[in-house]
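Enquirer: Sharing a structure here in structure tokens format.
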Amino acid sequence: MEVTKLDPTIKLDIRYATTNNFMGIRLYDEARAFLQRPAAEAVARVHARLRQYGYGLIVHDAYRPWYVTKMFWDATPDQQKVFVADPSKGSRHNRGGAVDISLYSLETGAAVDMGSDYDEFSIRAYPTYPGGTSAQRERRELLRLLMAGEGFTIYPEEWWHFDYTGWRHYPILNLRFSEL
């Protein structure tokens with residue numbers, strides 16, 4: 001299910017459809033975000049709940065074709081492979097069961113500072129990173145709590161990555177967005 005079909009005020013910043021990503025090349029033909037229907041509906045509910053706090057969701061990535069996961073793995077140095085999925089097992093993203101998200105301000109429409117950039121391969125990416133400002137840590141915690149309330153768990157190495165309950169039950173897919 002395409003996430004923005006449920007709520008068009010969910011913003012997209014699909015970096016893999018641009019060169020603004022850790023690979024430096026365009027990996028997706030289109031800037032779109034797909035998830036399994038229950039996960040997409042849960043994301044839309046979190047987005048709606050964030051309004052009371054003055055925020056909305058930005059989706060950076062959701063379903064990812066398997067061939068892109070393979071490209072990530074092959075290009076990532078061994079010491080940073082904790083940040084990418086092993087293609088021999090498939091990823092949560094390959095199943096439409098994971099979403100990479102951040103927050104934007106409803107007042108300004110701009111992304112808010114979460115303490116690190118999306119897809120930053122550093123200790124600042126860890127959800128438990130104790131540095132940054134109290135406001136950054138509070139925004140991360142708000143996002144984590146609301147996502148947990150809708151059945152998501154946070155990936156231990158990335159504050160932006162959330163896995164939906166039961167993601168293992170979905171098949172690994174290797175389809176382009178135009179094929180979904």
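The values are calculated or read from the model by the stated rules, or taken from the named source; none is laboratory data. Since we're looking at a predicted model, the values are computed, not measured. Because the Cβ atoms are built from the backbone with ideal geometry, glycine has one as well, and the counts that use them run over all protein chains shown.
Enquirer: Filter segment 1-18 down to the residues that are basic (K, R) and part of a helix (DSSP H, G or I), then identify the one that is surrounded by the most Cβ atoms within 10 Å (Cβ to Cβ). Before the answer, list the steps.
Expert: Quick first cut of segment 1-18, residues basic (K, R) only: 5, 11, 15.
Restricting the remaining residues to those that are part of a helix (DSSP H, G or I) gives 5, 15.
Values: K5: 13, R15: 21.
This residue is R15.
Enquirer: May I ask you to list the residues in segment 110-138 that are in contact (Cβ under 8 Å) with a residue 40 or more places away in the chain and in a helix (DSSP H, G or I)?
Expert: Residues of segment 110-138 that are in contact (Cβ under 8 Å) with a residue 40 or more places away in the chain, as a first pass: 111-112, 114-116, 118-119, 121, 125.
Residue satisfying the conditions is A125 alone.
Enquirer: Let me ask you something else. In this structure, is V59 at pLDDT 95 or above, among the hydrophobic types (A, V, I, L, M, F, W, C) and not in a strand (DSSP E or B)?
Expert: Values: at pLDDT 95 or above: yes; among the hydrophobic types (A, V, I, L, M, F, W, C): yes; not in a strand (DSSP E or B): no.
Here the answer is no, as V59 does not meet what is asked.
Enquirer: Say we look at segment 128-179 and pick out the residues that are out of contact with any helix residue (DSSP H, G or I) (no Cβ under 7 Å at 6 or more places or on another chain) and within 17 Å of T69 (Cα to Cα); which of these is surrounded by the fewest Cβ atoms within 10 Å (Cβ to Cβ)?
Expert: If we take residues in segment 128-179 being out of contact with any helix residue (DSSP H, G or I) (no Cβ under 7 Å at 6 or more places or on another chain) and within 17 Å of T69 (Cα to Cα), then R168 is surrounded by the fewest Cβ atoms within 10 Å (Cβ to Cβ).
Enquirer: Those residues that are under 16 Å from G54 (Cβ atoms), in contact with a Phe, Trp or Tyr (Cβ under 7 Å, 6 or more places away or on another chain) and among the hydrophobic types (A, V, I, L, M, F, W, C), I need them from segment 109-147; list them, please.
Expert: Residues satisfying the conditions are A110, A111, V112, M114, L142.
Enquirer: Now for a separate question. Could you tell me whether Y67 is closer than 17 Å to Y28 by Cβ and at pLDDT below 95? Walk me through it before giving the result.
Expert: Numbers: closer than 17 Å to Y28 by Cβ: yes; at pLDDT below 95: no.
Spelling it out, it is not the case that Y67 is closer than 17 Å to Y28 by Cβ and at pLDDT below 95.
Enquirer: Residue check, A125 against (1) within 28 Å of P8 (Cβ to Cβ); (2) touching an Asp or Glu at 6+ places or on another chain (Cβ under 7 Å); (3) crowded, with 16+ Cβ neighbours inside 10 Å, all met but one. Which one?
Expert: (1)
Enquirer: Another question, if that's okay. Mind listing just one residue for me: the one in segment 63-109 that is of a type in the set (V, I, T) and either on the phi > 0 side of the Ramachandran plot or in a loop (DSSP other than H, G, I, E, B) (or both) and, of those, surrounded by the most Cβ atoms within 10 Å (Cβ to Cβ)?
Expert: Within segment 63-109, the first condition is being of a type in the set (V, I, T), and the residues that meet it are 68-69, 76, 82, 84, 99, 101, 108.
Imposing the further condition that a residue be either on the phi > 0 side of the Ramachandran plot or in a loop (DSSP other than H, G, I, E, B) (or both) reduces the set to 76, 84, 108.
Values: T76: 16, V84: 20, T108: 9.
Only one residue fits best here, namely V84.
Enquirer: So how many residues does segment 139-165 have that are part of a strand (DSSP E or B) and farther than 22 Å from G24 by Cα? Let's see the steps before the verdict.
Expert: Within segment 139-165, the subset part of a strand (DSSP E or B) is 152-154, 161-164.
So of that shortlist, the ones also farther than 22 Å from G24 by Cα come out as 152-154, 162-164.
Residues meeting the conditions: 6.
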